[in-house]
1. Just to be sure I follow: if Rg is taken over the C-alpha atoms of region 213-265 and Rh is the Kirkwood radius over the same atoms, what is Rg/Rh?
2. How much accessible surface does Ser76 have with a 1.4 Å probe, in Å² rounded to 10?
3. What do you reckon, how do Ile247, Ile242 stack up by accessible area (1.4 Å probe), largest on top?
4. Over what distance in Å are the Cα centres of region 76-105 and region 192-206 separated?
5. If every alpha-carbon in region 150-215 counts as one equal scatterer, what log10 I(q)/I(0) does Debye give at q = 0.14 1/Å?
6. Considering only protein heavy atoms, what is the solvent-accessible area of Asp258 at a probe of 1.4 Å, reported in Å² to the nearest 10?
7. Using a cut-off of 12 Å between beta-carbons, work out the net charge of the residues near Gln160 (Lys and Arg +1, Asp and Glu -1, Gln160 not included).
8. Once you keep just the Cα pairs under 8 angstrom separated by 6 or more residues, what percentage relative contact order results for region 196-249?
Amino acid sequence: MSGVQCLATEKIWFDKHRYDEAEKCFYEGVNGPSTQQQQVKTGLQQAKGRQQKRQHRNSSSHAGGDHQELVSRMKSLEVENQTLHKVVEDMRAVLQKLELRVAVLEKSPAPAAIPCVKAAPVQAAPAQQVKVENGDDDDDDIDLFGSDEEEDEEAARLKQERLDAYAAKKAKKPALIAKSSILLDVKPWDDETDMVKLEECVRSVQMDGLLWGASKLVPVGYGIKKLQINCVVEDDKVGTDILEEEITKFEDFVQSVDVAAFNKI
């Protein structure tokens, strides 16, 4: 016989706990709640009472703290009020003193103002003539100090001497001579032109106010080079037209002359 069949033949009360629970409920309904439930209810009531007391105590402590804070703030306001009263009293005392001083100053007589005396403009005193009265009418217009014509002549002489001295001083200064620096481009006819001879011809041009400077050969193209030569001239004595005319006289070597640069010194 298997184990299942054995259990099926055994008489076991599997639902006993249900019946026990139903019996318990029945007797509780008849006899009222059990002692354990009453204890549980009592414990819950006591816990609620303790919680309410704790809340009441906390609220009372908070109220006491707020009350103390209000008291401290009122005390500080009273102290500030007393300080302000003191300041106001001091200001009133100072104001009364000022009013008394103003009243005294108003009652006292003001000192007489001293008028400001303007200085009279100094005028040149006219030349006075001393008249000698000897009972004779012919001697009344005699000038003992001379006439103003002598003074005018002396002033004119001094002025002329100063002008002459200034003119002499100015004549001693050397006159400023205007000069210019000119850079010339002298072009030959072809590449067979003797550039050394061309430069000699250019430098042979001499005139007052002309000074030749450095020179160099600058390639133009196709083997042809041009002579670039510098010179310094006095503007009042030498011009570019004269230079070009004198240089172009050497027709065998010079094709043309151009001014590459012109600067004032």
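The values are calculated or read from the model by the stated rules, or taken from the named source; none is laboratory data. All values reported here derive from a predicted model rather than from experimental measurement. Using ideal geometry, Cβ is built from the backbone for each residue, glycine included, and neighbour counts are taken over all protein chains shown. What goes into the accessible areas is simple: the full protein's heavy atoms, side chains included, and nothing from ligands, DNA or RNA. Shrake-Rupley method; radii C 1.70, N 1.55, O 1.52, S 1.80 Å.
1. 0.99
2. Roll a 1.4 Å probe over it and Ser76 shows about 50 Å².
3. Greatest to least solvent exposure: Ile242, Ile247.
4. Comparing the Cα centres of region 76-105 and region 192-206, I get a distance of 110 Å.
5. -0.67
6. 70 Å²
7. Taking every Cβ under 12 Å from that of Gln160, the sum is -1.
8. The normalised contact order for region 196-249 reaches 35 percent.
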